[in-house]
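Below: the structure, in structure tokens.
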Amino acid sequence: MDAIPPGSWLGLLGGGQLGRMFCMAAQSLGYKVCVLDPGHDSPAGAVADYHIAADYVDEAALTELGLCCRAATTEFENVPAAALEFLARHCSVSPDAASVAIAQDRIAEKRFITASGIGVAPHRVIEREDDLRALDAQLFPAILKSARMGYDGKGQVPVETADAAHAAWHAMGRMPCVLEKKLALRLEVSVVACRTKDGSAVTFPLSENAHRGGILATSIAPARVDEVIAKRARDAALTLASRMNYVGVFCVEFFVLSDDSLLVNEIAPRPHNSGHYTIDACVTSQYEQQARVMANLPLGDTSQMMPSVMLNILGDQWFAGSTSGEATHEPDWLSVLAVPGAKLHLYGKREARRGRKMGHVTCVAPTLSEALARAQRVAGALSIAPAT
Ligand code: ADP
Ligand code: MG
């Protein structure tokens, strides 16, 4: 596979923060990046060398992107598979439409994971009224999750009983869903991994993730699990990638139960929030790795140099103490930056909204307990709940 040399153009579908960090990493390697995103004020569009403001299925825009770039990828998992297929007529596209299609649909995803011999949470596929009949009482309490377009806990309804599941499915417009048993989780962990066109693959150290309100709040890396669990998670990620013939960076989210069993929650066909730590704590970031795969370069070293704790910064911070209901409070960045080992990343979003990801801070230190202590100081400066 010929390497695409620095100075060439790489293309990106999607303009969010994951795309912004990809642009910066690719540019640092000497590439130019063209972003296609419908917005005029997107985090990635603002740093791209060229921004095409158009819909993802606009064929003229996709053609322009494909002719400009030698290789393209996506930072947005709900990009229409048809857009990736169309783009592939003009340039090399990874991951391919088939892989993204699996990760976009919880039903296809769960079938694929199960067929790969890897466990998922007990669930029932709900596509029609009949699927709600004779539900096993063991499935409750449960979460009804829309099969498509869910993120940050959106499109999910907790349900205690079969009747509640029935009502929730109707309220969701009878769209295809999975009804999943709500499990007692000991931990949530994730593995960011990366696979090249010739099938070589590497994983980053696991992160241990805590969510608040369905949104990732903190990630601790390396995760506090024993080596056996970490290896099982890494192996499962690599098995899934090779069975999909996946090319690119991806993330597998896992549930760890009290008996140490490991279940796959979901697969993201792109870099992941829980892998932000790789920018500051690893030799190679997940975003640089994404550029390396696209350009057929050797994969980078995924070693972690220092333990890290990542805190997500949501738009809610801008509403602190607001009596008018407006986002008027600018968080105290100077106090954050005064903490040793605290690395601030802001995504350049003009408008703060509640629940909107505005940035993150990664705290690195020679030991995990010091990294946690630094993260606690950052959390105090931002008035957010610390990592524990
Ligand atoms: P999203 O696509 O929004 O990330 P997830 O299915 O990953 O959706 O759910 C978001 C979070 O909700 C998970 O990280 C986990 O904390 C919690 N959650 C989801 N499914 C379950 C479950 N079956 N049991 C317990 N907690 C769950
Ligand atoms: Mg998730």
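The values are calculated or read from the model by the stated rules, or taken from the named source; none is laboratory data. As the structure is a computational prediction, the values presented were derived from the model and not from experiment. Here the Cβ is made from the backbone with ideal geometry for all residues, glycine too, and neighbour counts use every protein chain on show. We work out accessible area using only protein heavy atoms, side chains counted, and drop any ligands, DNA or RNA first. Shrake-Rupley method; radii C 1.70, N 1.55, O 1.52, S 1.80 Å.
Things to note:
- So Met306, is it over 18 Å from the mean Cα position of the chain (by Cα), open to solvent by less than 20 Å² (accessible area, probe 1.4 Å) and more than 15 Å from ligand 2 (Cβ to nearest atom): no
- Take the conditions (1) part of a loop (DSSP other than H, G, I, E, B); (2) touching an Asp or Glu at 6+ places or on another chain (Cβ under 6 Å); Met175 misses just one of them, which is (2).
- So Ala327, is it of a type in the set (A, V, I, L, M), more than 30 Å from Ala48 (Cα to Cα) and more than 22 Å from the chain's Cα centre (by Cα): no
- Qualifying residue in the stretch 150-164 (condition: closer than 26 Å to Ala237 by Cβ and among the basic types (Lys, Arg)): yes
- For the stretch 120-161, the candidate set comprises residues that are away from ligand 1 (no atom under 12 Å from the Cβ) and in a strand (DSSP E or B); within that set, the residue that is least open to solvent (accessible area, probe 1.4 Å) is Ile126.
- Selection from the stretch 147-166 of residues that are within 12 Å of Arg124 (Cα to Cα) and either within 16 Å of ligand 2 (Cβ to nearest atom) or at pLDDT 95 or above (or both): Ala147
- Entirely in the stretch 225-301, the helices (runs of 4 or more DSSP H) that have 1 or more residues that are in contact with a Pro (Cβ under 8 Å, 6 or more places away or on another chain), buried (at least 24 other Cβ atoms within 10 Å of the Cβ) and modelled with pLDDT of 95 or more: 277-281, 286-294
- Selection of the stretch 1-28 for residues being closer than 19 Å to Asp58 by Cβ, among the small types (Gly, Ala, Ser) and not in a helix (DSSP H, G or I) yields Gly11, Gly14, Gly15, Gly16.
- Considering only residues in the stretch 126-146 that are under 19 Å from Phe255 (Cβ atoms) and among the hydrophobic types (A, V, I, L, M, F, W, C), the one that is nearest to ligand 2 (Cβ to nearest atom) turns out to be Ile143.
- Count of the stretch 195-235 residues which are small (Gly, Ala, Ser) and more than 16 Å from ligand 2 (Cβ to nearest atom): 5
- Of the residues making up the stretch 29-69, those that are within 20 Å of Ala97 (Cβ to Cβ), in a loop (DSSP other than H, G, I, E, B), open to solvent by 50 Å² or more (accessible area, probe 1.4 Å) and not hydrophobic (A, V, I, L, M, F, W, C) number 3.
- Residue that is surrounded by the most Cβ atoms within 10 Å (Cβ to Cβ) [pool: residues in the stretch 193-224 that are of a type outside the set (Gly, Ala, Ser), within 26 Å of Val364 (Cβ to Cβ) and away from ligand 1 (no atom under 16 Å from the Cβ)]: Phe204
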